[in-house]
1. Looking at the range 1-38, which of the residues that are modelled with pLDDT of 95 or more and polar (S, T, N, Q) is surrounded by the fewest Cβ atoms within 10 Å (Cβ to Cβ)?
2. Has the range 168-180 got any residue that is exposed (fewer than 14 other Cβ atoms within 10 Å of the Cβ) and not in a helix (DSSP H, G or I)?
3. With 146, 164 as the choices, which residue is without any contact (Cβ under 8 Å) to a residue 60 or more places away in the chain and either under 18 Å from residue 9 (Cβ atoms) or in a helix (DSSP H, G or I) (or both)?
4. Among the residues in the range 69-80, are any touching a residue at least 12 places away in the same chain (Cβ under 8 Å), buried (at least 16 other Cβ atoms within 10 Å of the Cβ) and in contact with a Lys or Arg (Cβ under 8 Å, 6 or more places away or on another chain)?
5. Report the residue count in the range 39-55 for those that are surrounded by 19 or more Cβ atoms within 10 Å (Cβ to Cβ) and either more than 18 Å from residue 161 (Cβ to Cβ) or at pLDDT below 95 (or both).
6. Take the conditions polar (S, T, N, Q) and surrounded by fewer than 18 Cβ atoms within 10 Å (Cβ to Cβ) and apply them to residue 115. Does it pass?
7. Hey, among 67, 59, 80, which residue is in contact with a strand residue (DSSP E or B) (Cβ under 9 Å, 6 or more places away or on another chain) and either under 20 Å from residue 12 (Cα atoms) or at pLDDT below 95 (or both)?
Amino acid sequence: MGNKRLIVLAVASTLAAWAAVSLGIFLVAASVEAGLSESQGGLLLFGGSVASLVARVVAGVIVDRRAGNGFIGVSLMMTAGAGAFALISATAGMTFALAVVFGFTFGWGWPGLLTYSVVESDPEAAAATSSITQSGIFLGAGIGPITLGWIIETWGYRTGWLVITGFLVAAAAIVYSVARQVPRTAPARSG
């Protein structure tokens, strides 16, 4: 995989992690603003985290059993996550809670599949290539909460979630552009 592709994937992972990490950090306070109690917000954070873990495992199982391009799956997950964040920005109560679970599932379920796809596309340089995209994830995880906190304080949660939506859409588009350049792979195993 070329350096240019790795850099754009690092940018995509920065944007997507910026969004996903911020959801966990601001969720309880946002839940209260959306009409839930603090304890319900805490339970929602736990439930969303579990949904994210399950999504990562399921994505791995799917990619192991089907021929294809893992980057397409990453792009689809980020796109679905963007839709969930758009719903988070516009809803309250139980609809907000469901949107949050989908936000965690798709907006934060992609990292394992991204790492696998990067390694699969260049197995001889697995450590070097995956470290570049992982650096993007950690950069996004670091700068995301700081900047989103400022956006929320200045313009409110709705604007913050919409900014995140835009970041996930941009990340999905970047990953999709890479997916179009990478050949399909055979399934890792059948069954």
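1. Among residues in the range 1-38 that are modelled with pLDDT of 95 or more and polar (S, T, N, Q), the one surrounded by the fewest Cβ atoms within 10 Å (Cβ to Cβ) is 37.
2. Within the range 168-180 (the criterion being exposed (fewer than 14 other Cβ atoms within 10 Å of the Cβ) and not in a helix (DSSP H, G or I)), the answer is yes, since at least one residue qualifies.
3. Values: 164 fails: without any contact (Cβ under 8 Å) to a residue 60 or more places away in the chain.
Going through 146, 164 in turn, the sole match is 146.
4. yes
5. Residues in the range 39-55 being surrounded by 19 or more Cβ atoms within 10 Å (Cβ to Cβ) and either more than 18 Å from residue 161 (Cβ to Cβ) or at pLDDT below 95 (or both): 1 in total.
6. Considered against the rule, which asks whether it is polar (S, T, N, Q) and surrounded by fewer than 18 Cβ atoms within 10 Å (Cβ to Cβ), residue 115 comes out as no.
7. Numbers: 59 fails: in contact with a strand residue (DSSP E or B) (Cβ under 9 Å, 6 or more places away or on another chain); 80 fails: in contact with a strand residue (DSSP E or B) (Cβ under 9 Å, 6 or more places away or on another chain).
Of the residues listed, the single one that is in contact with a strand residue (DSSP E or B) (Cβ under 9 Å, 6 or more places away or on another chain) and either under 20 Å from residue 12 (Cα atoms) or at pLDDT below 95 (or both) is 67.
The values are calculated or read from the model by the stated rules, or taken from the named source; none is laboratory data. Keep in mind that what you see is a predicted model, and the values were worked out from it rather than measured. Here Cβ is always computed from backbone atoms with ideal geometry, including for glycine, and neighbour counts include all displayed protein chains.
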